[in-house]
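To start, the structure under review is shown below, and the notes come after it.
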Amino acid sequence: MLSSYIFYVVISLVTAIFLYFKWKHSYWKRKNVDFLEPEFFFGNIGDVFRNKQHRTNLFAGYYRHFKSRGQKFGGLYEFQRPQLVLTDLELISNVFQKDFLHFVNRVGFINEETDPLSGNLFNLKDEKWKIVRTMLTPTFTSGKIKMMFETMVNCTQDFEKLLDKSLNEPVNIGAKLLLFTTDIIASVAFGVDAKCMENPNNDFRNKFGNVLETSTWKLIKTFVFMSVPKWIITRLNLRLSDKRMEDFFSKVVKDLVEYREKNNVYRKDFMHLLIQLKNMGETLDNEKLTNTTTNKKHLTIQEMTVQAITFYIAGFETAASTMSFALLELALHQDIQDRLRKEIHTVLKKYDGKITYEGIMEMEYLNMVLQESMRKNTVGGLITRSCTKAYKIPGTDVIIEPNTEVQIPATAIHWDPEYYPEPEKFDPERFSAKNKANIPNCAYIPFGEGPRICIGLRFGKINTLLGICFIISKYRVTLNNKTRLPIELIVSKFVHTPKGGIWLNLEKL
Ligand code: HEM
């Protein structure tokens, strides 16, 4: 009796789920929008789930599919959630810029009560995002980045020692660069000398080096978190982010703040600026740490901890991967490498052989090389927005409803021959002052675009330029045959990472 009861319950449940997905997956058809047939349950992201294809490549294929059909957008599903992939630059620029107020948010689960780390700037929504972004923006001005440059350059000493140990062997350059960028970001975000380059097994690198990994389990968890009402998540005290990581960094920040406030320590880093935001609600170009009466909103210690962790997570892998790809291109194009080295040596001579902020800014060809590499090897290849206010797509009757996700496939745009002829060719000349002017608005978006553009753009760029400048000034890089070409991406990595790594030979000059 009981077993037949269970049988009917299970059958009814399975039928209900089936019908629910069938109904959800008819959304674009009902709206008369061109769409790609979804698979049951997974929608159009089954290949990511099965670890077959990186999300960026999957959406690049969808971009080409809809574009070849003359569509400016096309309908897809991530599990049951409807998404639009955009192929038209004017529409993309509306979403990013002109009609930003309809697309303020990203997609992501937030519950600051049970999961404080979910309240990071990347995830924050609506008014809260605007408040925090406005507060944090002054920490990323050119002046502030210039102030931190010295701290960054100091890390090149340990980097040289690290690279010199590998002169007679193939070097997995991405792995070395991760140690370099982790030391840099730990130094400027936490004011901590993490010494990952000396000891790669310390907590900064070892325990939390893979936070941006997206395993199948994480995908399922995200699906559940985004499908279940928030009150259930709060009630059950569930979280997506790593509690150990939160505890580790919270302690680091708490100890640091106490130490600096007690001893009035001034250091040129983000932590100093975050302490100012906690105590004064504004960042000043001085050593002041103490409270004054101001009616500006102050950051709480929890908010400043979360944002410091965000800088750490957002900063080290993106920069390391960007540099690795640029070095791969330079190893494959020795003529470009020689020309770049010549420019670097000429400028360094002007500054007594020292790498300076001003010098890096003068290296025009270095900037062109980086920009072209970021086009060809965009490390954040898919940019997402969530519709916050119903939006009628200009020139059509289609209305994008609130909570619909919009996908902007940066990699696909960067490889579109309409904007970049022979896209597979590595050609820094595309970014010469003259040629750059011909690139259409929103056809170059390695850091995103609009009010939600990467807040760490200047920092990420200078960190990357510094790394390339340093390596090319001291070493000749050539390709080691351990590198698997053509490059395939690790599916589980959010930031593009080559399967098997990029292996180079380094020759000291
Ligand atoms: C080469 C290095 C980097 C690359 C390629 C990169 C790329 C990106 C991209 C593509 C976005 C999404 C933009 C959009 O949706 O329009 C983004 C957002 C963001 N990035 Fe970066 N990033 C880099 C370095 C950094 C660094 C160093 C930091 C912090 C110190 C950082 C912090 C952030 C944050 C907080 C956001 C979310 C901003 C918001 O929603 O207001 N990034 N980044």
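The number of residues in the range 82-94 being within 20 Å of the chain's Cα centre (by Cα) and more than 21 Å from R55 (Cα to Cα) comes to 1. Taking the listed residues F73, F149, F159, F66, the one that is within 15 Å of the ligand (Cβ to nearest atom) and aromatic (F, W, Y) is F149, with no other qualifying. Determine whether the range 88-108 contains at least one residue that is away from the ligand (no atom under 11 Å from the Cβ) and farther than 17 Å from G448 by Cα. No, every residue in the range 88-108 fails to be away from the ligand (no atom under 11 Å from the Cβ) and farther than 17 Å from G448 by Cα. Would you call E429 free of Cβ contacts under 8 Å to residues at least 40 places away in the same chain and either surrounded by fewer than 18 Cβ atoms within 10 Å (Cβ to Cβ) or among the basic types (K, R) (or both)? No: the conditions fail for E429. Would you check if L328 is more than 16 Å from the ligand (Cβ to nearest atom), out of contact with any Cys (no Cβ under 7 Å at 6 or more places or on another chain) and not β-branched (V, I, T)? Against the criterion (more than 16 Å from the ligand (Cβ to nearest atom), out of contact with any Cys (no Cβ under 7 Å at 6 or more places or on another chain) and not β-branched (V, I, T)), L328 does not qualify. Restricting the first member to the range 455-471 and to residues that are of a type in the set (S, T, Y), and the second to residues that are near the ligand (Cβ under 6 Å from one of its atoms) and assigned to a helix (DSSP H, G or I), the beta-carbon pairs closer than 9 Å and six or more apart or on different chains are T464/T318; T464/A319; T464/T322. Taking every residue in the range 121-146 that is more than 14 Å from L273 (Cα to Cα) and free of Cβ contacts under 8 Å to residues at least 40 places away in the same chain and pairing it with any residue that is aliphatic (A, V, I, L, M) and more than 9 Å from the ligand (Cβ to nearest atom), at least 6 positions away or on another chain, the pairs with Cβ-Cβ distances below 6 Å are N123/I110.
Out of all the residues in the range 1-25, which are among the hydroxyl-bearing types (S, T, Y) and either under 17 Å from F40 (Cβ atoms) or surrounded by 11 or more Cβ atoms within 10 Å (Cβ to Cβ) (or both)?
Here is the first cut: in the range 1-25, the ones among the hydroxyl-bearing types (S, T, Y) are 3-5, 8, 12, 15, 20.
Correct list: T15, Y20.
Filter the range 399-421 down to the residues that are surrounded by fewer than 18 Cβ atoms within 10 Å (Cβ to Cβ) and either modelled with pLDDT of 95 or more or within 16 Å of the ligand (Cβ to nearest atom) (or both) and list them by number. Result: I399, E401, P402, P417, E418, P421. Provide a single number: the residues in the range 429-485 that are within 16 Å of the ligand (Cβ to nearest atom), within 14 Å of N367 (Cα to Cα) and among the charged types (D, E, K, R). Here the count works out to 2. Counting only helices (runs of 4 or more DSSP H) that fall entirely inside the range 91-210 and contain at least 1 residues that are acidic (D, E) and either surrounded by 19 or more Cβ atoms within 10 Å (Cβ to Cβ) or on the phi > 0 side of the Ramachandran plot (or both), the qualifying elements are 126-136, 173-190.
The values are calculated or read from the model by the stated rules, or taken from the named source; none is laboratory data. Here the structure is a predicted model, which means the values were calculated and not measured. Reconstructed Cβ throughout: ideal geometry from the backbone, glycine too, with neighbour counts over all protein chains shown.
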